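Presented below is the structure to which this report refers.
The values are calculated or read from the model by the stated rules, or taken from the named source; none is laboratory data. Here the structure is a predicted model, which means the values were calculated and not measured. Positions of Cβ are generated from backbone atoms using ideal geometry, with glycine treated the same way; all protein chains shown enter the neighbour counts. Keep in mind that these areas ignore ligands, DNA and RNA; they rest on the heavy atoms of the full protein, side chains included. Shrake-Rupley method; radii C 1.70, N 1.55, O 1.52, S 1.80 Å.
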Amino acid sequence: MPEIILSTLNAKHIHASLGLRYLYANLDELQPRAAIREFTIEPWPIDVAEQLLAEQPRIIGLGVYIWNVERTQQLVTLLKQISPQTLIILGGPEVSHEWQGQPLVEQSDYLITGQGDLAFAQLCRQLLQGERPIQKVIEAPPPPLDALQLPYAHYSDQDIAHRLIYVEASRGCPFKCEFCLSALDKSARPFPRERFMQALEQLYQRGVRHFKFVDRTFNLNPEQSVALLEFFLTRLDEQLFLHFEVIPDHLPERLRAVLKRFPTGSLQLEIGIQSFNPEVQKIISRKQDNDKSRANLHWLRTETQAHLHADLIIGLPGEDMHSFADSFDRLVALAPHEIQVGILKRLKGSPIIRHSEPFRMRYNPAAPYNILCTDRIDFPTMQRLNRFARYWEMIANSGRFPQTLPLLLGEQPFKRFMQLSDWLFANTGQVHRIALKRLFELLYTGSVESLEIDPAAARQTLESDFSRSGIKGRPTFSQPVSPSDADTADRTVRLSTRQARHR
């Protein structure tokens, strides 16, 4: 049985921890004495504790993140109560900053802050040799990337068959956006290209076709970006799908030429806009050329087949609802396939904390530390915006209402969708777990009553979207559908399947 267990609580089973595999890959001679055991946040901590302790490890290393910190604290409390001799080592972004006074840290034996790829192995060597370092908190400096063993061979065949495969061509970010932990990085550093390409080839040969790059700024170095995209273009098939995070105002011609060559359903670009307000951007130290960003988004939407996922953040310092509405309307006009409306979270260690008092920013004291109110947006309004974001995800980002959504938004997208959001909550009291058929019926009633849309127009677009949904039966507002219409809907569903599976 393993003496060292590397573990974490993933948000979903489909996620496979890249961090654990880096730690395992760099254990060197300790690898035969170690194992990875992943769980999700769904099981009771006592059941996870039972499984971990059944193998009688001497050391358990736990990755701690914003989504699992509360469950991990419960788990560590149980582990130390049941088996106090088992050594608990913590690491991860949630405990790398502001760790002082955290009960989770106090209950554990050691904490490695920062990038623990090499530091974890060194600590394990000492502990297995019977040495107990006096220093509980070990600060790990960023390791030289050419000194690291890459982790990709440690994705199992089961991982490849059933889970997302995360890869990174570089670490760090040169930008200083204060809501992000990457603001603490000094620069972005690429991994040695030849070794990384070999690792990608090995993954490809093992059957990986969905590559999710975790690089913060994939298009920062166009030469490397083009080389990676060319690598995948020569291996393009019906299953290949790539996900990259890109900065919106940096799209040189040589990169454009390669992006245009990817077919529909093979490429998703996550594009951080956050706000189009120059004053807000200045407050949070975000350097972004808004004119270039809008032009590049328009070009990507009209000249490539990439699926565009753009981000906005609610609650930034200096931004009121009018400012956010303006950014939202500008982004809707650029027609990305998805707009992720996020709520500002105060990540531990992020520089956004310096604005707490000047802008009277108040955060939820419990994870995920979401913004509750600011000097520009009071708590009731923030709650309305929270509901707006959830309904937007349910209706717009789901992709289930392509015909109806333009009718709902009209010429004033934010104003009209906020009006619909208020109506939905007033009539349901729910922001999740709304059955899809019921949602269609609610949208019909809400569009007519709240937005004063012509009932015939609302019925026509919702019937069209309903016919694509695959739901059995018909909603109450629907009229009989002819056989020819049903055949057309069935063909539409089949054609859209490939893109839909990548959402």
**Asked** Relative contact order (percent) for the range 75-218, with alpha-carbon contacts under 8 angstrom and 6 or more residues of separation?
**Response** 18
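Go through the range 215-266 and name the GluC sites (Glu not before Pro) that are in a DSSP coil and have 14 or fewer other Cβ atoms within 10 Å of their Cβ. Don't skip to the end; give the middle numbers.
Values: sites: Glu223, Glu230, Glu238, Glu245, Glu253; in loops: Glu238.
Here the GluC sites (Glu not before Pro) that fit, given the DSSP loop and packing criteria, are Glu238.
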**Message:** Along the charge dipole of the range 298-398, pointing to its positive end and built from +1/-1 on Cβ of Lys, Arg, Asp and Glu, which listed residue (Gln305, Phe328, His355) has its Cα farthest out?
**Reply:** His355
**Request:** About the Cα centre of the chain, how large is the charge dipole given +1 on each Lys and Arg Cβ and -1 on each Asp and Glu Cβ? Please answer in debye to the nearest 20.
**Result:** 260
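In the range 104-197, which GluC sites (Glu not before Pro) are in a loop and have at most 12 other Cβ atoms within 10 Å, using DSSP for the loop call? Spell out each step's value before the answer.
Numbers: sites: Glu106, Glu131, Glu139, Glu168, Glu178, Glu194; in loops: Glu131, Glu168, Glu178.
Here the sparse-neighbourhood loop sites are Glu131.
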**Request:** Report, ordered by chain and residue number, the aspartates and glutamates lying within cross-link reach of Lys212, taken as a straight Cα distance under 16 Å and ignoring same-chain residues fewer than 8 apart.
**Result:** Asp159, Glu168, Glu201, Glu245, Glu270
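Ranked from the most accessible area to the least, with a 1.4 Å probe and all protein chains present, what is the order of Trp392, Trp423? Don't skip to the answer; put the middle values down first.
Values: Trp392 10, Trp423 40 Å².
Ranked from most to least accessible, the order is Trp423, Trp392.
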**Complete:** Projecting the Cα atoms of Val76, His15, Gly101 onto the charge dipole of the range 1-110, where Lys and Arg contribute +1 and Asp and Glu -1 at Cβ, the residue farthest towards the positive end is His15
**Message:** Placing +1 on the Cβ of each Lys and Arg and -1 on the Cβ of each Asp and Glu in the range 144-226, which of Phe175, Phe196, Gln149 has its Cα farthest towards the positive end of the resulting dipole?
**Reply:** Phe175
**Fill in**
The aspartates and glutamates whose Cα lies under 20 Å from the Cα of Lys136, excluding any fewer than 8 residues away in the same chain, are Glu94, Glu98, Glu106, Asp109, Asp117
**Prompt:** Given the protein chains as shown and a 1.4 Å probe, how many square angstrom of Arg294 are accessible, to the nearest 10?
**Reply:** 60
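Using the Kirkwood formula on the Cα atoms of the range 160-302, what hydrodynamic radius do you get, in angstrom to one decimal?
Details: mean 1/r = 0.0617 Å⁻¹.
Result for the range 160-302, one decimal place: 16.2 Å.
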**Asked** Do you know the relative contact order of the range 156-242, to the nearest whole percent, from alpha carbon pairs under 8 angstrom that are 6+ apart?
**Response** 33
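Report, in debye and to the nearest 20, how large the dipole of the range 305-462 comes out about its Cα centre when Lys and Arg carry +1 and Asp and Glu carry -1 on their Cβ. Walk me through the numbers on the way to the answer.
Numbers: 18 positive and 16 negative charges, 128 e Å.
Once rounded to the nearest 20, the dipole reads 620 debye.
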**Item:** Candidate lysines - alpha carbon under 20 Å from Lys186, same-chain residues fewer than 8 apart omitted
**Value:** Lys176, Lys282, Lys287, Lys348
**Request:** Scan the range 329-404 for trypsin sites (Lys or Arg not before Pro) in coil per DSSP, keeping those whose Cβ has at most 15 other Cβ atoms within 10 Å, and list them by number.
**Result:** Arg360
**Request:** State, as an integer percentage, the relative contact order of the chain based on alpha-carbon contacts under 8 Å between residues 6 or more apart.
**Result:** 9
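If you roll a 1.4 angstrom probe over the protein chains with everything in place, what fraction of the accessible area of the chain belongs to carbon and sulfur, to the nearest %? The partial results should precede the final answer.
Working: 11830 of 23100 Å².
Carbon and sulfur together cover 51 percent of it.
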